[in-house]
Amino acid sequence: MVDGLPFVPSGTTLPPVPHLVVVLLATAAVVAALRRRRPAVTDRHVLALAPWMALGSAAHVLYVVDALPPLLAPLAGSPTVYLTVGSLAGAAWLASAEVLPKRVPTGLAVTGAALLVPVVALALATAVSTDGAFWSGISLVATVPIAAGAWVGLTRLRPEVRITGGVGALAVFGHALDGISTAIGTTQLGFGERTPVSRILLELGGLPSVPVLGEGWLFLLVKLAVASLVVWLFAAYVRETPSEGYLLLGFVAAVGLGPAAHNLLLFAVAA
């Protein structure tokens, strides 16, 4: 366990050495192959990684509810699951570039979704919480207009942000969903926040409470403000160096969408 370190989320673990070596070798091999191949990177390629972002979160839910075989469980702990899924996504990217060179985004999205569906199904097969599923649905429904409003407002205030396209919109949506689901989870379902900085925002006292979100509205507001600022700052990077810009902005989107997907599925099976 390493979660006693400052700013490290609770529940952070390192896998046994054999698992760690396998994951590191697989990641290094995939990264080396990607650097050698240097596949094209566009906004469509990065958007196609969205199912993979959710896959890592769903796999970690299986780890949390102890639904994985002992041999595989260490690969889905945090933060190992990011390397596990990242290496799989990289391998799928390389395979798609070989088999479907003109339809790589489609291949990436389809393979990611094909892995995501059974993982989510397995998680739901362990248990289903009616209350948790209800609030997961509310989180998703509430996010759509809020994220859309934030994106429209951002693009009108800073028109240059439009160059980030769907990846920029995904980043705003992912962080909005994370903010709303986290606020709802703590207010309505009694879940705690694992990240120390986020926990500070959620535990501030003396704030007015609003329906559904309680005092967690501040956390949502900060998430939206930071995500919007980062997307705006990346606009110039995307314009000058699209491949690197889209990839890094995709990472920003994953940092929001991944925890959000984890919240939704965990609420549905463990609330």
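The values are calculated or read from the model by the stated rules, or taken from the named source; none is laboratory data. Here the structure is a predicted model, which is why all the values come from computation and not from measurement. Glycine also receives a Cβ, built like all others from the backbone with ideal geometry; neighbour counts cover every protein chain displayed.
Observations, loosely collected:
- Qualifying residues in the stretch 83-137 (those that are surrounded by fewer than 17 Cβ atoms within 10 Å (Cβ to Cβ), hydroxyl-bearing (S, T, Y) and touching a residue at least 12 places away in the same chain (Cβ under 8 Å)) - the one farthest from Y63 (Cα to Cα): T106
- Within the stretch 225-252, the set of residues being free of Cβ contacts under 8 Å to residues at least 40 places away in the same chain and aromatic (F, W, Y) comprises Y237, F251.
- Sole residue being assigned by TED's automatic domain parsing to the domain that holds G256 and of a type outside the set (D, E), chosen from A147, A121, A109: A147
- Index of the failed condition, G11 passing every other in (1) at positive phi; (2) modelled with pLDDT of 95 or more: (2)
- The criterion of being modelled with pLDDT of 95 or more and touching an Asp or Glu at 6+ places or on another chain (Cβ under 7 Å) holds for A260.
- Annotation note: Cβ proximity below 9 Å between a residue of the stretch 195-215 that is in the same structural domain as G258 (by TED's automatic domain parsing) and of a type in the set (S, T, N, Q) and a residue that is at pLDDT below 85 and surrounded by 14 or more Cβ atoms within 10 Å (Cβ to Cβ) (sequence gap 6+ or interchain) occurs for T195/V8; T195/P9; T195/S10; S198/P9.
- Members of the stretch 221-259 that are among the β-branched types (V, I, T), in a helix (DSSP H, G or I) and either over 20 Å from the mean Cα position of the chain (by Cα) or outside the structural domain of A148 (by TED's automatic domain parsing) (or both): V238
- Here A176 does not fit the description of being surrounded by fewer than 21 Cβ atoms within 10 Å (Cβ to Cβ), within 30 Å of I200 (Cβ to Cβ) and not assigned by TED's automatic domain parsing to the domain that holds V81.
- Within the stretch 25-49, if we keep just the residues that are within 22 Å of I163 (Cβ to Cβ) and hydrophobic (A, V, I, L, M, F, W, C), the residue that is surrounded by the fewest Cβ atoms within 10 Å (Cβ to Cβ) turns out to be A40.
- Entry remark, the stretch 48-67: residues being farther than 14 Å from G256 by Cβ and assigned to a helix (DSSP H, G or I) number 10 in total.
- Of the residues making up the stretch 218-266, those that are surrounded by fewer than 17 Cβ atoms within 10 Å (Cβ to Cβ) and of a type in the set (S, T, Y) are Y237, T241, S243.
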